[in-house]
Amino acid sequence: MAGSGEAKVAGKESLWARWRGRVFAGAGLLLALVAVYFALSAFIPRWWAQRIADMSGHGSFTKGIGSGLTLGLLGTGIPLLLALWAFLLRGRRGGKFFAGVLTLLAVIVAVPNLMTLTIVLGTSNSAHAGERVLDVEAPGFRGATAIGATVALLIFLLITFFVVRKWRRRVKSEKQQVRDAAAAAVDTATE
């Protein structure tokens with residue numbers, strides 16, 4: 001009997017040893033991510049504002065609005081469509097893998113809009129510096145990006161409406177075919 005008690009204690013110690021390593025690794029990863037976040041939050045908004053300024057022709061309203069509309073439309077529309085596609089694939093054979101890949105791709109395509117969002121909604125000094133750069137070097141960009149994102153969202157909702165409607169009609173038709181086949185089977189059995 002004493003042997004089984006010692007085995008339980010040894011099992012608990014080895015369990016703690018395994019989890020202790022995981023806890024320390026998780027805490028270390030969390031600290032590293034926090035450090036990277038603070039480093040990037042001081043860098044990304046300024047850097048992204050400068051890239052937008054370069055793309056917008058340094059003060060051109062036309063190029064600022066054009067680049068904002070393009071980034072808003074593509075940076076919102078493509079990720080939403082990829083996410084819809086991933087949602088539709090998730091139940092099929094091999095679909096979980098492709099759904100994961102599509103979701104990752106959607107996040108990657110959405111990064112430019114997310115970086116713009118860090119400038120618009122950010123409260124750090126870097127975000128305020130990015131706002132000033134966009135005001136002077138890329139006028140109209142922020143508003144055009146919002147309009148492009150809104151238009152992309154509306155287009156996505158329209159596409160989703162038609163996809164769901166087509167799916168519901170197909171399911172209803174399949175159910176009706178099953179009912180008709182069952183009714184025909186009952187009719188032939190009663191004859």
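The values are calculated or read from the model by the stated rules, or taken from the named source; none is laboratory data. Please read these numbers as outputs of a predicted model, since none were measured by experiment. Counting neighbours? That spans all protein chains shown, and the Cβs are built from the backbone with ideal geometry, glycine included.
Residue count for segment 21-61 under the criterion of being touching a Phe, Trp or Tyr at 6+ places or on another chain (Cβ under 7 Å) and more than 16 Å from T118 (Cα to Cα): the result is 1. Just one of the listed residues (L104, L84, L158, L154) is in a helix (DSSP H, G or I), on the phi < 0 side of the Ramachandran plot, within 23 Å of the chain's Cα centre (by Cα) and surrounded by 13 or more Cβ atoms within 10 Å (Cβ to Cβ), namely L84.
Of the residues A144, A129, the single one that is within 29 Å of L82 (Cβ to Cβ), at pLDDT 90 or above and assigned to a helix (DSSP H, G or I) is A144. Residue count for segment 143-162, restricted to those that are of a type in the set (F, W, Y) and in contact (Cβ under 8 Å) with a residue 24 or more places away in the chain: 1. Only a single criterion out of (1) farther than 21 Å from T150 by Cβ; (2) at pLDDT 85 or above is not satisfied by L81, namely (1). All conditions in (1) more than 20 Å from the chain's Cα centre (by Cα); (2) surrounded by 13 or more Cβ atoms within 10 Å (Cβ to Cβ) hold for A149, with the sole exception of (1).
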